[in-house]
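Beneath this line is the structure, given in structure tokens, with notes to follow.
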Amino acid sequence: MRLQLRFLLPLLIVLGVAAWLAVPLMDRLTLRWFARDLAMRGSLLATALAESVVDATPDPKGRKLRALFDRAAQDERLVAIGLCSVDNHLINASQSFPKELDCESTKEIASQPDPTRRVGGGTVQVGRHPVTSEAGPIGDLVLIHDLSFIERRSQDTRRYLILLIAGMGGVIALVTMAVAQLSLRGWVSGTRALLRGEGLLRPLGPPLPELAPIAADLRSRLRDLQDEYRRAHGPETEWGAERLQALLRSQLSGDQVIVVSNREPYIHQRVDGRIEVQRPASGLVTAIEPVMRACSGTWVAHGSGSADRETVDRDDHVRLPPDDPAYHLRRIWLNPAEEQGYYYGFANEGLWPLCHVAHVRPVFREADWQHYREVNRRFADAVVQEARSDDPIVLVQDYHFALVPAMLRERLPRATILTFWHIPWPNPESFGICPWRREILQGMLGSTILGFHTRFHCKNFIETVDRYLEARIEHEHSTIAYGGAETLIESYPISIAWPEGESGSHWPPVDECRRRVFQHLGLPEGHKLAVGVDRFDYTKGILERMHAVERLLEKHPQWLGRFTFVQVAAPTRGQLDEYREFQERIHRVAQRINERFGATGRPVVRLLASHHGPEQVNELYRAANICMVTSLHDGMNLVCKEFVAARDDEQGVLVLSRFAGAAREMPEALIVNPYHVEETADALQRALEMPAAEQRERMASLRTTVREFNVYRWAGRMLTDAARWRLRRRIEERVERHSAL
Ligand code: G6P
């Protein structure tokens, strides 16, 4: 009803205004028509009476003339008639001739454009018509017409007009309402359909064409609402430490979890006579440590710290983390020759450059390979020692232990072995360089599940096996059967643990971090800060990054003195020539750039080649305008995820290499090809000028992804697959037992 009123009310107003304008106009028109009509009738009457008037005028008593006038005045539209002499005296008149009028006044009235007057309560029109005999002019015949009938007619016309307008209005209103009702019904049902999702979801077909703009609006609003909701509440079933623990309890019935990695999660170092605990710069450790806290298992790793031996018990165990022990670390001791051959040699001079296509030649030495095999054997032995049952879940980490899975399979055939390869896997041709390629593949296929960060790396691995081993590959299920056992090859993109609480509220506010970092670096307010945080490794694209900074300043000199790039470069593998030379080169390039742009008095590049703890790094992330991750090749890269997690203010821009596995999950970053200096410099410029709203939009979306796809989800997915595998094996064993009976 309200809706109909909305249609009717404007219509009624329009019609009212029309009537208000039309009625006086109509009045004026009818008056003019009738006045003209009367004037004509007056002339005719005067002409008709002229002869009789001439005849009757000689009558001295004027009776004849009077009788003539009385007769003529019986006409309903004629009030009176009179004859004025040539010198304007009333010669004779009908009885009805108004007293208020005489020849003088009638002459004056008749000469007006509007010859009407109010006389005796009514309106009259006065006309004067000359009468002439053969002897000459006799005078003027005065005709006084009654205009009251015009008023009556005018009222009638007004009534008809109003009725007509009202009638038309009624008809138009009815038609309008009918049409409005019909189209409204169409709209309402169309809009309801839209709200039900029909026409909003593409497979169900497009909405009515007239509703298309509304559909588009609704669609984008719904998306916004979903995003807002997800940002506010997080994913519906978020993975966290508790959920991972619940999974272990329910699906793996509290089975023992053992992790094997080269790098240990906490390193005890003797510094100035005191023991310090250090967290190593390692993506692997960043990811696995929170999982171990949740699983409360045993971690087997190389004890590389100068005070490590002093801090273990008789069984080489130490409880970690130091402030809130949740799991055991079993340290394995390596002598310098072993460390040199296995770690520096085969792992980091051979496999590392082999798998990262970073244009550094891999070096393979027979002696290194022997050490690699030997150390892998020692770690496998340690796992067997640590196992409390014959079927633990063993998480073998990275390229340091390619042989451990098969060694474990031999000793613990019922163990569930999950191997995760944290670095890229190259194509078969590249991998073919390795003289022990078959042994490496055979070793890895001892795994129950073999994980890589991306599908692309899985595909490369399967093709490599296809090329160098006689194995049965089931592409559909992504499994490889070799030596009587089957391995599932799956992608599990690794991540970080999302900071406690919604916003990592234990951190100092962003402004505070910025103030501290700026003070430390001597930067003025409003200065722009870009950061890079990496191990000092040639795969990280640090050189390319510095070239991009240099190019930015060439192309946009307005940033000189207003922009600083800080590179945290954690010392790593410094014993290797390739690393030493690379690190020296970076120092030289940083110096050259600073000298080149030295006029500003403030160095453009700040190379901080020392170990930085997680708090310091976090402070830098929170202070920065830009974070640069420009790896030339990277399995995943967790620095970009840490940066995003640190920015609870939803500000800051991530410049990310397309050759880092993370680029697939983080398209809201500014994705660059680090080999293309120009492109990276342009991305820097874009980041420097990016409005706060766009930064917020991108960062909020990145945060949603990293929060949802966190490391608990990574571990949870692998362990769920492991649980399924174990269940299948149990069923198979039961069936075998039954059939043997
Ligand atoms: C990469 C490897 C890890 C390794 C880390 C640090 O992330 O995938 O296995 O721990 O680099 O290297 P480092 O040789 O110092 O352990």
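A few points about this structure:
- No disulfide-compatible partner, judged by a Cβ distance under 4.7 Å, exists for the following cysteines of the chain: 295, 355, 434, 458, 513, 627, 640.
- Annotation for residue 221 and residue 277: the two label points, set 7 Å from Cα along the Cα-Cβ direction, are 5.4 nm apart.
- Net length gained if the chain between residue 730 and residue 693 were fully extended (0.36 nm per residue, minus Cα distance): 7.8 nm
- Exposed loop positions in the chain were taken to be GluC sites (Glu not before Pro) whose DSSP state is not H, G, I, E or B and which have at most 16 other beta-carbon atoms within 10 angstrom. Between these positions, the longest stretch is 239-469.
- Projected onto planes of every orientation and averaged, the convex hull of the alpha-carbon atoms in the stretch 2-151 covers 11.2 nm².
- Cα-based reach from residue 555 at 22 Å (exclusive), listing lysines while leaving out same-chain residues under 8 positions away: 528
- Each residue, residue 588 and residue 12, gets one label point 7 Å from its Cα in the Cβ direction; the gap between the two is 9.2 nm.
- Proximal lysines to residue 540, defined as alpha-carbon separation beneath 21 angstrom and excluding residues fewer than eight positions away on the same chain: 641
- To the nearest ten degrees, helix 577-596 and the longest principal axis of the Cα atoms of the chain are 40 degrees apart.
- Note on the stretch 520-709: with neighbouring protein chains present and a 1.4 Å probe, carbon and sulfur make up 48 percent of its accessible heavy-atom surface.
- Antiparallel bridges, percent of DSSP beta bridges restricted to the chain (to nearest 5): 45
- Once the chain from residue 737 to residue 323 is taken as fully extended at 0.36 nm per residue, the excess over their C-alpha distance is 144.2 nm.
- Longest segment of the chain lacking trypsin sites (Lys or Arg not before Pro) that sit in a DSSP loop with at most 11 other Cβ atoms within 10 Å: 389-741
- If R0 is taken as 56 Å, the Cβ-Cβ distance between residue 163 and residue 192 corresponds to a FRET efficiency of 0.85.
- Cα convex hull, the stretch 390-450: 71 Å³ per residue, rounded to a whole number.
- Compactness ratio for the chain: Cα radius of gyration over 2.2 N^0.38 Å (N = residue count) comes to 1.88.
- Charge dipole (debye, nearest 20) of the chain; +1 at Cβ of Lys and Arg, -1 at Cβ of Asp and Glu: 1200
- Each Lys and Arg Cβ is given +1 and each Asp and Glu Cβ -1; about its Cα centre, the stretch 2-151 then shows a dipole of about 720 debye.
- The modelled label-to-label distance between residue 520 and residue 555, using points 7 Å beyond Cα along the C-beta direction, is 3.1 nm.
- Where only DSSP H runs of four or more residues are counted, the chain gives -16000 deg cm²/dmol as its mean residue ellipticity at 222 nm, each run worth -39500 (n - 2.57).
- Surface analysis of the chain yields an accessible area of 49 Å² per residue, using protein heavy atoms and a 1.4 Å probe.
- Cα gyration tensor shape for the stretch 244-491, rounded if a/c is under 1.5, else prolate or oblate: oblate
- Accessible-area composition of the stretch 2-151, carbon plus sulfur, in percent [1.4 Å probe]: 59
- Rel. contact order, % - alpha carbon contacts under 8 angstrom, at least six apart, the chain: 9
- Value of D in µm² per second that Stokes-Einstein yields for the stretch 86-188, Kirkwood Rh from Cα pairs, at 37 °C (0.692 mPa s): 181
- Where 187, 369, 498 fall by accessible area, highest first, once all protein chains stay in place (1.4 Å): 187, 498, 369
The values are calculated or read from the model by the stated rules, or taken from the named source; none is laboratory data. Keep in mind that this is a model prediction, so the values were computed, not measured. Glycine also receives a Cβ, built like all others from the backbone with ideal geometry; neighbour counts cover every protein chain displayed. Just the protein is used for accessible areas: all its heavy atoms, side chains included, with ligands, DNA and RNA removed. Shrake-Rupley method; radii C 1.70, N 1.55, O 1.52, S 1.80 Å.
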